[in-house]
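Note sheet for the following structure.
Values in this text are rule-based calculations from the coordinates and carry no lab data. Since the structure is predicted, the reported quantities are computational estimates derived from the model, not experimental observations. Methodologically, a virtual Cβ is constructed for each residue, glycine included, from the backbone with ideal geometry; neighbour enumeration extends over all protein chains shown.
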Ligand SMILES: [Zn+2]
């Protein structure tokens, strides 16, 4: 399966990007002297692409491996009218991939990237670099999907964190994205101040910055979730989000709306990364996940961050209780299917039968 794998490089490549622009421009500039039929500077002036060798753009200073790729790309497009922004393009030969350490080295830019998502690339065909990201086009083996031994329930829309993840089999609980509330309040205040003083152009800028930070955080959280699932050989279980706006859950003391926090984006990132690593992502019915007791199943009382069960006396952080319930809901369903199938004398169902989840 061929796909694009994007990561932040955290470097300042503005010099190289400016050079790349120069290289590209050198092949597509308007040429006044193109043929003798053209009137110099006259109305027949047109853009043509000149064929240029990397030697002729050497003085620009970009590594030749990269300028060659740019010349190839822009030189072959006869109809280019303008060059806007030009990415650095590194061919496969310029990229070293170390499977053992899960890192990549691009020698011509002295760029080392580590802590990649733990997926094995069969090959890396090319890398394109802009101000912020490296986009690798990679070939990976289609993941057949693990058979989950455990389930990690993920509660979104929690009080104070973006997600709370909990595994009822191990009791492991992770709360992720605490910074979000702080970020949101901070940028909201800045925006309000700017609006009051009529600096509307800056408002847009601040909005863009916030959504960039949110996107990065979403990427980080989704990676953490998926890596957690791989390590525990577990599936990730979420609540089905459709119609969440009308449920009680949305009304609980929560400072975000779905609009200000992009849960759908987070979901997209999780799905994508889970697919890379063969982690099943399942969805369950969200009804009462925050009211039921994760220990005995009775309907309990939720009071802000605290959950108390009137039947068994279980006390827990309300979001942790909800995350456990989400996982248990899936686990129970799998157990029910297995029991039914066994009673019917059939084999334990194959993996994909379990992956359907409860669809309502
Ligand atoms: Zn209970």
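Please report the Cα spread of segment 81-122 along all three principal axes, rounded to whole Å, starting with the longest.
Projected onto the principal axes, the Cα atoms of segment 81-122 cover 45, 19, 17 Å.
Assuming 0.36 nm per residue, please report the length gained on full extension of the stretch residue 159 to residue 60 beyond their Cα-Cα distance. Mind dumping the intermediate values first?
Details: separation 99, 0.36 × 99 = 35.64 nm, distance 5.36 nm.
Residue separation times 0.36 nm, minus the Cα-Cα distance, leaves 30.3 nm.
Tell me, what is the FRET efficiency for residue 265 and residue 53 to the nearest 0.05, using R0 = 41 angstrom and their Cβ-Cβ distance as r? If you can, show how the numbers build up before the last one.
Values: r = 44 Å, r/R0 = 1.07.
Computed FRET efficiency for residue 265 and residue 53 comes out at 0.40.
If you take all C-alpha pairs in segment 265-314, what percent of them are over 14 Å apart? Intermediate values should be presented prior to the final figure.
Working: 759 of 1225 pairs.
Pairs farther apart than 14 Å: 62 percent.
Given just the C-alpha atoms of segment 65-160, how large is their convex hull per residue in cubic angstrom? Walk me through the numbers on the way to the answer.
Values: hull volume 20.1 nm³, N = 96.
Per-residue hull volume (Cα only) is 210 Å³.
Can you tell me the length gained on complete extension of the stretch residue 299 to residue 178, counting 0.36 nm per residue apart and subtracting the Cα distance? Walk me through the numbers on the way to the answer.
Details: separation 121, 0.36 × 121 = 43.56 nm, distance 2.82 nm.
Result for the pair: 40.7 nm of gain on full extension.
Pop a pseudo-label 7 angstrom from the Cα along the beta-carbon direction at both residue 315 and residue 227 and give the gap in nm to one decimal.
The two pseudo-label positions are separated by 3.5 nm.
Going by how many other beta carbons lie within 10 Å of each one, how would you line up 137, 26, fewest first?
Numbers: 137 15, 26 19.
Starting with the residue having the fewest Cβ neighbours, the order is 137, 26.
Consider a paramagnetic label point 7 Å from the Cα of residue 190 along Cα→Cβ; state which residues of segment 211-231 have an amide N under 13 Å from it.
Residues passing the 13 Å test: 211-214.
Run the simple label-point estimate for residue 213 and residue 143 please: 7 Å along Cα→C-beta, distance reported in nm.
3.0 nm
Using a Debye calculation, one point per C-alpha and no hydration shell, please list log10 I(q)/I(0) for segment 106-193 at q = 0.18, 0.22, 0.24 Å⁻¹ in order.
With no solvent term, the Cα-only Debye profile gives -1.01, -1.04, -1.11.
With a point put 7 Å past each Cα toward its Cβ, work out how far residue 131 is from residue 8 in nm, to one decimal.
About 1.5 nm, to one decimal.
Rank the residues 97, 264, 288 as a footprinting-exposure proxy: fewest other Cβ atoms within 10 Å of their Cβ go first. Write out the running numbers ahead of the final one.
Values: 97 19, 264 11, 288 15.
Fewest-to-most ranking of 97, 264, 288: 264, 288, 97.
Can you put 121, 98 in order, fewest other beta carbons within 10 Å first? Provide the component values of the computation, followed by the final result.
On the way: 121 19, 98 11.
Ranking 121, 98 by Cβ neighbours within 10 Å, fewest first, gives 98, 121.
Which residues does a label at residue 202 reach in segment 167-194, if reach means a backbone N under 15 Å from a point 7 Å past the Cα toward the Cβ?
Those under the cut-off are 187-194.
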